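The values are calculated or read from the model by the stated rules, or taken from the named source; none is laboratory data. Keep in mind that this is a model prediction, so the values were computed, not measured. As a convention, Cβ positions derive from the backbone with ideal geometry for all residues, glycine included, and neighbour counts pool all protein chains shown.
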């Protein structure tokens, strides 16, 4: 009887043990399946994240890994063109674009422009930044392949640099420094309400200046003032030409002419000593002794050109399809030289901004 009882107990215990093992085994299988399912669900997400990271890395490599060779030809050194140069590269820096810049300045010499332009083309620049009309014309004349971004050019189409300002059609595009000439002449009239005759001072070698001179003539005529041109062919003639205006005009107007801007200290010396106010095309000329201007910000103009260059270099945009860009009217600002005003004994307090 005992043996049978013991056997029954052992059999029962063995049955319990088997059931327990089966239950545990089932539970273990479920856990493994869940882990496997979870891993299967996470795998695609991990793969997608990895793919996205690789794609981002490739994109960053395309931008940061490429070092662009940028040739720079600046016609002459003065505040406005220097500011455009600075703004251009500030834009590239802000966009994280790596570059090597070959800075060249023609010192106002057309022959030097030609030499520099050819050198930059021979060096196989990825892009050439041309500052001022003569510089842009020199580059455009020696390459139709390398992208050229210009700035400080009043009317690229009129200067023969593009087919039209709306659709350049070639390898050249950029930003225009078309200034509010009519507003500048209106400023002259505000300051000198009794002015009858205005001398227009510019260099005949710059088509950029002739365009503005014509606009100034028309604006003066509309306000009942006569005009007379006082022109130079080089910086050596500035003093003599300004002296020839003494006693003949009530004021001088100097547009954004590079030769005049570079020699503005000479203009101011003669004009201010002889009580001839000079209304200028841009603020740098006022800083050098001119009386006042209502003009554009050349740093901003250069910055815009830099953004256009980035679109060409990084995004592969075609200059032929990039319209010439202009600063908006709200970018223009009034600049006056109080010291010059005191010298000329002119009250500027009533000027309307």
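Descriptive notes on the structure:
- Unique residue being in a helix (DSSP H, G or I), in contact (Cβ under 8 Å) with a residue 24 or more places away in the chain and surrounded by fewer than 16 Cβ atoms within 10 Å (Cβ to Cβ) when the list is 114, 184, 118, 137: 118
- Among the conditions (1) under 30 Å from the mean Cα position of the chain (by Cα); (2) crowded, with 23+ Cβ neighbours inside 10 Å, residue 198 misses just one, which is (1).
- Where residue 205 falls short, out of the listed (1) out of contact with any strand residue (DSSP E or B) (no Cβ under 8 Å at 6 or more places or on another chain); (2) touching a residue at least 40 places away in the same chain (Cβ under 8 Å); (3) more than 23 Å from residue 158 (Cβ to Cβ); (4) not in a helix (DSSP H, G or I): (3)
- With respect to the conditions (1) within 21 Å of residue 158 (Cβ to Cβ); (2) outside any strand (DSSP E or B); (3) in contact with a strand residue (DSSP E or B) (Cβ under 8 Å, 6 or more places away or on another chain), residue 211 falls short on a single one, namely (3).
- Inspection of region 250-257 finds a residue satisfying the criterion of being over 20 Å from residue 175 (Cα atoms), over 32 Å from the mean Cα position of the chain (by Cα) and modelled with pLDDT of 95 or more.
- Residue within region 58-79 that is assigned to a helix (DSSP H, G or I), at pLDDT 75 or above and farther than 17 Å from residue 139 by Cβ present: yes
- Considering region 282-297, and only residues there that are closer than 12 Å to residue 256 by Cβ, at pLDDT below 95 and not in a strand (DSSP E or B), the residue that is nearest to the chain's Cα centre (by Cα) turns out to be 296.
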